[in-house]
Amino acid sequence: MALYTYRALDSRGKIERGSLNAASQKEAMAALQSRHIFPVEIKSSGETGLGLSALFSRARGPRLSVQHLAAFARQFATLLEATIPYDSALELILQQTNEQTFKAVLSDVRGRVVEGAYLADAFSHYPRVFPPMVVNMVRSGETSGTLPMIMHRLADYYDNLSRLRSKLNSALVYPLFMMVIGAAVVTFISPSSFRKSPGCSTISA
């Protein structure tokens, strides 16, 4: 057994710090999750620790949907337009987010920003949540001072992408249905229906 210290997100979305005894980091993570606490960082004495980005990558957590990305970008842009600082805006969004994995990611992003990191650099730790295009556009917005406008453009892009995917899915439903029906017809037609009837005879020339 080893002593592990942790930084985790509790059920209220607040950061909790503590320690526990466990045989491995994996066992420590399981123990925390059983208490409905999502680990942000777990480490033992003399180790660099297994951060949330590594945990997220190893677990291969789900990508953020385009609808979720659009909603986040729109909400963040609106808060920035109200001259609310990055960390406060992220905190407000955290309080309204129910999806625990995304909440943990946002909490870590906010922590990095509070510690002085650029927002784009904080996003870049989670490529499965914030694609490279998002990171690059956010970096451009931070540099030029146009981040609210950039976030609105990202929201528009992902809204349009969501609508396009919906139209494509709808357009594919009918052809797929016809393919299934056609396959069923070919499968269930008996080959014997093509044979010559017993009562028929060939007329000789």
- [ ] Could you sort 125-135, 90-100 so that the peptide with the highest average Cβ count within 10 Å comes first and the rest follow in order?
- [x] 125-135, 90-100
Task: Cα centre as origin, Lys/Arg/Asp/Glu Cβ charges: region 75-158 dipole, Debye - done: 180 debye
Task: region 66-159: C-alpha pair distances exceeding 17 Å, % - done: 44 percent
Task: Charge dipole (region 66-159, unit charges on Cβ, about Cα centre) - positive-most of Phe130, Phe72, Val109 - done: Phe130
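FYI, it's all coordinate maths here, none of it is from the lab. For clarity, every value in this text was computed on a predicted model and none was experimentally measured. Neighbour counts are summed over all protein chains in view; Cβ atoms, including those assigned to glycine, are modelled from backbone coordinates with ideal geometry.
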